[in-house]
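Here's the structure, in structure tokens; my notes come after.
The values are calculated or read from the model by the stated rules, or taken from the named source; none is laboratory data. What you see is a predicted model; the values in this text were computed from it and never measured. Glycine also receives a Cβ, built like all others from the backbone with ideal geometry; neighbour counts cover every protein chain displayed.
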Amino acid sequence: MQTLPKIHIPLRAAIAMVRDYARSRVMEQVKSVAFIILYLIGFQMLVLRTAPAQALQISVGVGMVVFGLTFFLEGLFLGLMPLGERVGLQLPQRGGIVAIIVFGLLLGVGSTLAEPAIAALQVAGQSVTPWVAPLLFRLLENEPGKLVISIGAGVGVAVAFGMVRFYYGVSIKPFVFILIPLLLIASVACALDPNLNSIIGLAWDAGAVTTGPVTVPLVLALGIGVSRAIGKQKGGSSGFGIVMMASAFPVLGVLILGAMLNSSTPAPVSEADFFSPAHRQTALQLVDSDNELLSMAFQRGGETGRQAFFADEEKYRETVTSLKDPVVRRNLLGKMSLQEWFLQRASDTERAWIPVEFLQKAPLTENSGSEIVSVLRVESGRAMRAVIPLTALLLIVLLLFLRDKLQRADEVVLGIGFTIIGMILLASGIHLGLAPLGDQVGRPLPRVFQSVALEEGRILLEPFDPGQVLTSFQLNGESEQFFYLKDRRGTPRPVPFDPARYDPQTQRYEHIIKRPPLFGPKLTLAGIGLVLLFAFGMGFGSTLAEPALRALGRTVEELTVGTIKRTDVVRAVSIGVGLGLIVGVARILYEIPTIWVVVPPYLLLLLLTFWSEEEFAGIAWDCGGVTTGPVTVPLVLAMGMGIGGELNVIDGFGVLAMASAYPVITVLLYGMIVRIRQRRSFERTEKANENG
């Protein structure tokens, strides 16, 4: 065979080609991220009327996400996916069904460990209170390794079952009719226990987190290889359905782990009991030391918990006033600034112990540039531990077990390097940018419909002349004192006067800056409507930008020979995600038990699946998995946890689960509508032929 001569490209031309290619890949990710970021920032500034805090850090984080996605996906297509497809193509021929099952188990666990969105679950655990949901706190804060392993084991079992299904050509419907009722029964059983009830939302959200940019392409590549190798790929649609199982089995894995740990986990108690000395030994089952417990009282608790921690009032007051010391403040408040703690956590009594003049001089934030370096260092280790074992598994099976050669080794090595770099940047960007942004939008979101003024800060006016205080009267004769205070633009504005905050000896007046409710005290329904509309817009718009969904829609259009349009599939899925976010956010706002919003849609899905055709059922169920990408997951999780933290709801999980369930409903309904239209069109054609 004649060897083709090598093509020599000048260095300048090569650099230009690489530059143009890199620019196109970066712009793809910018387009997928831009809408949801601008949507959140626009809502925060125009509706919530607050500027994003830590704007520089969030900007750096979003930039990391863009470049991280670019490197990550490029590395995935160059390195991991070709390895997975090649192993899947040869494994059935040389190893048989047993080897396929074992490899599927290992691949599922390894791919889950490499999912960037797994890091979002750990960030979400920072707002869980251990006295209200001890088991949920333990899974997210104390046992995150076991949580990830249980999720990975669920994915591994799903991949193994999926490979068996491909190998023997089994329908997807039996798996749906067995697995979904099993999950619903297990969830209902967990709802009867206070501790297990708190992890139902986490379990169902875990299923959405797993079907990300690592698991889905690798699993599909393996499935395609197996189907081709055994010659049972009757149609392109036979490859659908495995994403559904990769979303369902992790739910069962988390519920089983929770049941195993429940007996050794303390029961929920009140905040005062949790921090009291009498409960100290039980509390130390969830935290490592008394100092960590005290820090938790300041960062996650209220005045009740801090009072209960100390034996006497004097020690309690001394600790609060010691927050003026930067070292003490860092130990007790962590990354939280003194102003943030003062406004969000401190009681009126505690605020009186901290001089206002010191508060105004304290730094606005405790974060610094070292935070970025620290996050990059931590995420670098995690990325290496996630990607290298997965790569080693694929190479060992390919080179040692299958005794095949590694083709295009330079591309594979480059792809693995890109994957590691991308995962470091992506996970760091989630931690620094997406999670804080979602929390900043979610936490003040209840203000849109609550008729409660929000305290934003305090100003010390010295000297203050009480003679400048004026009085206004209403028609019913009620009076109110006020004075004029210039705003940042220098415009005098009337503000209320509180005599209790004036000290005649020092001639000081402490003015509290409050932001009034957005819709006034009588328009809460309009506010709730705006919140739900915001949730729908966030789900609909972000889903339209998901590249995995566009690829799936294109595949469906090809398989149906244009009968089902790609744009219609994308639109149906986007509407479903929007509806799912409405239900998920409403659950948190109204404190609806998670089981009440999980069971009804999945019962409906069982009925719709029974009536749907086999090919379209697998497509529809997989649509629920491709909607939760590496950008949507951390933002939705952070937003849900932020809303839950502001309203003191036990947890803010469950939103992602709804964003995965409702797209399946809308796609199945759309498929039925298409089939009905086709049947009617066929009947009209038959009648026309008979009459003709």
Exercise. Within the bounds of the range 444-465, is there any residue that is at pLDDT 85 or above and outside the structural domain of Ala22 (by TED's automatic domain parsing)?
Worked result: yes
Exercise. Ile41: touching a residue at least 60 places away in the same chain (Cβ under 8 Å) and touching a Pro at 6+ places or on another chain (Cβ under 9 Å), yes or no?
Worked result: yes
Exercise. Yes or no: Gly433 surrounded by 15 or more Cβ atoms within 10 Å (Cβ to Cβ), under 27 Å from Phe342 (Cβ atoms) and modelled with pLDDT of 80 or more?
Worked result: yes
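Is it the case that Ser24 is modelled with pLDDT of 80 or more, assigned by TED's automatic domain parsing to the domain that holds Thr391, assigned to a helix (DSSP H, G or I) and among the hydroxyl-bearing types (Ser, Thr, Tyr)? Spell out the reasoning first.
On the way: modelled with pLDDT of 80 or more: yes; assigned by TED's automatic domain parsing to the domain that holds Thr391: yes; assigned to a helix (DSSP H, G or I): yes; among the hydroxyl-bearing types (Ser, Thr, Tyr): yes.
So Ser24 passes the test.
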Problem set entry | Contacts under 8 angstrom Cβ, first residue in the range 399-415 being more than 25 Å from Ile100 (Cβ to Cβ), partner part of a helix (DSSP H, G or I) and not charged (D, E, K, R), 6 or more apart | Glu411/Leu78; Glu411/Gly79; Glu411/Pro82; Val413/Gly79; Leu414/Gly75; Leu414/Leu78; Leu414/Gly79
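Could you tell me whether the range 680-690 includes any residue that is touching a residue at least 40 places away in the same chain (Cβ under 8 Å), part of a helix (DSSP H, G or I) and not hydroxyl-bearing (Ser, Thr, Tyr)?
Applying the first criterion (touching a residue at least 40 places away in the same chain (Cβ under 8 Å)) to the range 680-690 yields none.
No, the range 680-690 has no match at all.
Okay, residues lined up against (1) surrounded by fewer than 16 Cβ atoms within 10 Å (Cβ to Cβ); (2) farther than 15 Å from Ile416 by Cβ; (3) among the charged types (D, E, K, R):
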{"position": "Ile41", "(1), (2), (3)": "no, yes, no"}
{"position": "Gln44", "(1), (2), (3)": "no, yes, no"}
{"position": "Val47", "(1), (2), (3)": "no, yes, no"}
{"position": "Gln54", "(1), (2), (3)": "no, yes, no"}
{"position": "Ser59", "(1), (2), (3)": "yes, yes, no"}
{"position": "Leu73", "(1), (2), (3)": "no, no, no"}
{"position": "Pro82", "(1), (2), (3)": "no, no, no"}
{"position": "Gln93", "(1), (2), (3)": "yes, yes, no"}
Exercise. Of the residues in the range 289-302, how many are surrounded by fewer than 16 Cβ atoms within 10 Å (Cβ to Cβ) and either over 27 Å from the mean Cα position of the chain (by Cα) or touching a residue at least 60 places away in the same chain (Cβ under 8 Å) (or both)?
Worked result: 3
Exercise. Of the numbered conditions (1) under 29 Å from Met45 (Cα atoms); (2) surrounded by 12 or more Cβ atoms within 10 Å (Cβ to Cβ); (3) at pLDDT below 80, Gly490 satisfies every one except a single condition; which is it?
Worked result: (2)
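Quick grid of which residues meet (1) under 19 Å from the mean Cα position of the chain (by Cα); (2) of a type outside the set (A, V, I, L, M); (3) surrounded by fewer than 16 Cβ atoms within 10 Å (Cβ to Cβ):
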{"site": "Phe610", "(1), (2), (3)": "no, yes, yes"}
{"site": "Gly618", "(1), (2), (3)": "no, yes, no"}
{"site": "Val631", "(1), (2), (3)": "yes, no, no"}
{"site": "Leu635", "(1), (2), (3)": "yes, no, no"}
{"site": "Ser660", "(1), (2), (3)": "yes, yes, no"}
{"site": "Val664", "(1), (2), (3)": "no, no, no"}
{"site": "Lys687", "(1), (2), (3)": "no, yes, yes"}
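Is it fair to say Val26 is more than 19 Å from Ala535 (Cβ to Cβ), in contact with a Phe, Trp or Tyr (Cβ under 9 Å, 6 or more places away or on another chain) and aliphatic (A, V, I, L, M)? If you could, list the steps in order and put the result at the bottom.
Details: more than 19 Å from Ala535 (Cβ to Cβ): yes; in contact with a Phe, Trp or Tyr (Cβ under 9 Å, 6 or more places away or on another chain): yes; aliphatic (A, V, I, L, M): yes.
Taking the combined requirement at face value, the residue satisfies it.
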Problem set entry | Single unsatisfied condition, Leu606 versus (1) modelled with pLDDT of 85 or more; (2) under 17 Å from the mean Cα position of the chain (by Cα) | (2)
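Being within 30 Å of Arg508 (Cβ to Cβ) and either in contact with a helix residue (DSSP H, G or I) (Cβ under 9 Å, 6 or more places away or on another chain) or buried (at least 19 other Cβ atoms within 10 Å of the Cβ) (or both) is true for just one of Gln307, Gln285. Which residue is that? Working first, answer last.
On the way: Gln285 fails: within 30 Å of Arg508 (Cβ to Cβ).
Selected residue: Gln307, the only one of Gln307, Gln285 that is within 30 Å of Arg508 (Cβ to Cβ) and either in contact with a helix residue (DSSP H, G or I) (Cβ under 9 Å, 6 or more places away or on another chain) or buried (at least 19 other Cβ atoms within 10 Å of the Cβ) (or both).
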Exercise. What number goes with the only condition from (1) over 33 Å from the mean Cα position of the chain (by Cα); (2) at pLDDT 80 or above that Gly537 does not pass?
Worked result: (1)
For this session: Scan the range 248-269 and report the pairs whose first residue is within 30 Å of Trp621 (Cα to Cα) and touching a residue at least 12 places away in the same chain (Cβ under 8 Å) and whose second residue is charged (D, E, K, R) and in a helix (DSSP H, G or I), with Cβ atoms within less than 7 Å and a gap of 6+ or a chain change.
Result: Leu257/Lys146
